[in-house]
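The values are calculated or read from the model by the stated rules, or taken from the named source; none is laboratory data. Predicted model, so just to flag it, every value in this text is computed and none were measured. For neighbour counting, all protein chains shown are included, and Cβ atoms are generated from backbone atoms with ideal geometry for every residue, glycine included. The accessibility values were calculated without ligands, DNA or RNA, using every heavy atom of the protein model including side chains. Shrake-Rupley method; radii C 1.70, N 1.55, O 1.52, S 1.80 Å.
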Amino acid sequence: MSQDCLFCKIAAGKIPATKVYEDDQVVAFRDINPQAPVHVLVIPRQHIATLDDLAPEARAMAGCLLERTAHVARELGLSQAGYRTIINTRGHGGQEVFHIHLHILGGKPMGPMVARG
Ligand code: 5GP
Ligand code: ZN
């Protein structure tokens, strides 16, 4: 755990969040500023700042993160209609919280993939 990381604190239950799933490796919770009817963030418990910091040793965890993301989307009832997943990396990627996370966006057609800003 990184002491000054917001998502580490959420994973540890030190900052409240609306969690929709958690196990020993990953935690999923609702985004505080949703960009779609369903907007959930899926994070590993392990602190990794960005996708670029993902080491080969973390491959198993990364596979778990991806598989559990699909599981969470299924549990949220998004699978059949579909949904979008996004990982933002550093400045040009629009990353604001430096603890790797997947966005799940769904509940409406997300439309073509366009940059926001
Ligand atoms: P990023 O831009 O880093 O990919 O996404 C960070 C996301 O975290 C944003 O969508 C933002 O709304 C969300 N977020 C920031 N602070 C909090 C918080 O304290 N709680 C929750 N649940 N989401 C947060
Ligand atoms: Zn962290």
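Note on Lys9: aspartates and glutamates with a C-alpha under 19 Å away, same-chain residues under 8 apart excluded, are Glu22, Asp23, Asp24, Asp31, Glu96. Of the solvent-accessible surface of the chain, computed with a 1.4 Å probe over protein heavy atoms with every protein chain present, carbon and sulfur atoms account for 53 percent. Here the chain is described by how far its Cα atoms reach on the three principal axes: 37, 31, 28 Å, from widest to narrowest.
Given a Förster distance of 22 angstrom, what is the FRET efficiency for Asp24 paired with Ser79, based on the Cβ-Cβ distance and rounded to 0.05? So the FRET efficiency works out to roughly 0.40.
Here the label points at Ala70 and Met113, each 7 Å from Cα along the C-beta direction, are separated by 1.7 nm in the simple model. Potential lengthening of the chain between Thr89 and Asp4 amounts to 28.7 nm, from the contour at 0.36 nm per residue minus the alpha-carbon distance. In the chain, the longest principal axis of the Cα atoms and the axis of helix 59-75 are about 40 degrees apart.
Can you compute the label reach from Lys14? Point 7 Å from Cα along the Cβ direction, backbone N cut-off under 19 Å, restricted to the stretch 40-72. What the label zone holds, given the 19 Å backbone N cut-off, is 43-50. The mean accessible area for residues of the chain, using a 1.4 Å probe and ignoring ligands and nucleic acids, is 60 Å² per residue. For the chain, the residue among Asn88, Ala70, His39 whose Cα projects farthest onto the positive side of the dipole built from Cβ charges is His39.
Proximity of backbone amide H atoms, modeled 1.01 Å from N, is registered between Arg45 and Val26, Val27 at under 5 Å, excluding neighbours fewer than 5 places apart on the same chain. The residues Tyr83, Tyr21, sorted by heavy-atom accessible surface at 1.4 Å with ligands and nucleic acids left out, run Tyr83, Tyr21 from largest to smallest.
Rounded to whole numbers, the Karplus 3J(HN,Hα) couplings from phi for the stretch 40-47 are 10, 10, 10, 10, x, 5, 5, 7 Hz, using 6.51 cos²θ - 1.76 cosθ + 1.60 with θ = phi - 60°, and x at Gly and Pro.
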